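One structure, pasted below without further comment.
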Amino acid sequence: MRIDIITIFPEIFSPLNASIIKRAQEKDILEIKIWNLRDFSRSKHKKVDDAPYGGGRGMVLACEPIFLAVEEIKKHNTDSLTILTSPQGEVFNQEMAKKLSEKKGLIIICGHYEGVDERIRSIVDCEISIGDYVLTGGELPAMVIVDCIARLLPGVLPDEAPVYDSFFDCLLDWPCYTRPEVFRGLKVPDVLLSGNHQKIAQWRHKQAVERTRQKRPDLYKKYSKTGGEHAPESSST
Ligand code: SAH
């Protein structure tokens with residue numbers, strides 16, 4: 001998959017050059033290109049924003065540099081879906097990430113200051129918010145979106161890993177433990193040491209259901225409606 005990000009702060013994307021996302025790029029599963037919006041400004045001082053018509057607070061990212069940037073990227077990646085990061089967008093979630101991970105390419109536009117000229121919405125396929133709060137720019141939302149999508153691309157994580165993550169089938173993840181067996185009197189549940197894989201699967205599923213019921217009644221409601229269809233066959237839940 002190819003992801004193009006348009007921003008006025010290309011220097012803040014270093015988190016995408018670490019850990020799993022870095023490896024995904026090294027393995028050529030993911031290609032990320034960061035475009036500096038100022039390179040598409042035709043003004044002498046590389047200006048990309050201006051005061052809002054009608055007066056009032058803040059600066060607004062202007063149409064032309066963003067239109068030119070998207071047009072340039074689309075010359076080579078005609079199939080890419082164009083996303084505007086915006087607190088007014090559809091709220092990002094795991095299901096959306098899954099759908100986006102199946103696309104050939106994404107172009108993500110990072111707004112800044114007071115936002116972007118409204119006409120930019122005419123070249124955008126969808127608007128995504130990462131939650132009901134307002135950030136200073138679309139750079140962190142873009143990184144959240146890329147990170148979440150990248151780990152779903154085939155070959156990035158071990159085959160089955162994302163299937164057992166929180167939110168898959170409306171369940172939170174089960175509790176995990178690692179060595180030592182006892183730490184300051186806190187013990188690993190016996191079942192995990194039993195070597196009985198069927199029992200372990202049942203226990204994990206039961207824990208996932210129970211913690212979803214306690215922590216996220218909204219998700220649990222959705223899960224109940226599915227009839228718990230992905231429970232291990234022998235599960236008692
Ligand atoms: N005045 C705007 C907010 C602008 S914030 C409003 O009230 O709607 C500046 C930029 O940060 C936005 O253009 C967007 O790209 C990004 N941004 C801020 N909060 C965001 C969120 N919750 N999700 C996605 N992008 C966000």
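The values are calculated or read from the model by the stated rules, or taken from the named source; none is laboratory data. Note that the coordinates shown come from a computational prediction; the quantities given were computed from them, not determined experimentally. Cβ sites come from the backbone with ideal geometry, for glycine too, and all protein chains shown count toward neighbours. Surface areas here come from the heavy atoms of the whole protein model, side chains and all, with no ligands, DNA or RNA. Shrake-Rupley method; radii C 1.70, N 1.55, O 1.52, S 1.80 Å.
Go over the candidates Val91, Val116 one by one and state the one that is among the hydrophobic types (A, V, I, L, M, F, W, C), touching a strand residue (DSSP E or B) at 6+ places or on another chain (Cβ under 9 Å), within 15 Å of the ligand (Cβ to nearest atom) and open to solvent by 50 Å² or more (accessible area, probe 1.4 Å).
Testing whether each residue is among the hydrophobic types (A, V, I, L, M, F, W, C), touching a strand residue (DSSP E or B) at 6+ places or on another chain (Cβ under 9 Å), within 15 Å of the ligand (Cβ to nearest atom) and open to solvent by 50 Å² or more (accessible area, probe 1.4 Å) leaves just Val91.
Also, I was wondering about something else. So, in the stretch 1-20, exactly how many residues are within 15 Å of the chain's Cα centre (by Cα) and buried (at least 20 other Cβ atoms within 10 Å of the Cβ)?
Matching residues across the stretch 1-20 total 5.
Something else: Under 9 Å between Cβ atoms, at least 6 apart or on separate chains: pull out the pairs that start in the stretch 45-65 with a residue that is in the same structural domain as Gly138 (by TED's automatic domain parsing) and open to solvent by 60 Å² or more (accessible area, probe 1.4 Å) and end on any residue that is among the aliphatic types (A, V, I, L, M) and assigned to a strand (DSSP E or B).
Between residues of the stretch 45-65 that are in the same structural domain as Gly138 (by TED's automatic domain parsing) and open to solvent by 60 Å² or more (accessible area, probe 1.4 Å) and residues that are among the aliphatic types (A, V, I, L, M) and assigned to a strand (DSSP E or B), the close pairs are Asp50/Val60; Asp50/Leu61; Ala51/Val60; Tyr53/Val60.
Residues checked against (1) over 17 Å from the mean Cα position of the chain (by Cα); (2) closer than 30 Å to Lys74 by Cβ:
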| position | (1), (2) |
| --- | --- |
| Ile130 | no, yes |
| Leu135 | no, yes |
| Val163 | no, no |
| Tyr177 | yes, no |
| Val191 | yes, no |
| Gly195 | yes, no |
| Ala201 | yes, no |
| Glu210 | yes, no |
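Further question on the same structure: Hey, does the stretch 170-184 have a residue that's out of contact with any Ser or Thr (no Cβ under 6 Å at 6 or more places or on another chain), modelled with pLDDT under 95 and away from the ligand (no atom under 16 Å from the Cβ)?
Yes.
Hey, another quick one. Right, Leu172: in contact with a helix residue (DSSP H, G or I) (Cβ under 9 Å, 6 or more places away or on another chain), of a type in the set (A, V, I, L, M) and over 22 Å from Glu102 (Cα atoms) or not?
Judged against the criteria, Leu172 is a match.
Ok, one more. For residues that are β-branched (Val, Ile, Thr) and open to solvent by 50 Å² or more (accessible area, probe 1.4 Å), tally how many sit in the stretch 164-203.
So the count comes out to 2.
Ok, one more. Mind telling me which of the residues Lys33, Lys74, Lys46 ends up being more than 24 Å from the chain's Cα centre (by Cα) and away from the ligand (no atom under 16 Å from the Cβ)?
Lys46
Test of understanding: among Val146, Val124, which residue is more than 10 Å from the ligand (Cβ to nearest atom) and surrounded by fewer than 21 Cβ atoms within 10 Å (Cβ to Cβ)?
None of the other options fit; the residue is Val124.
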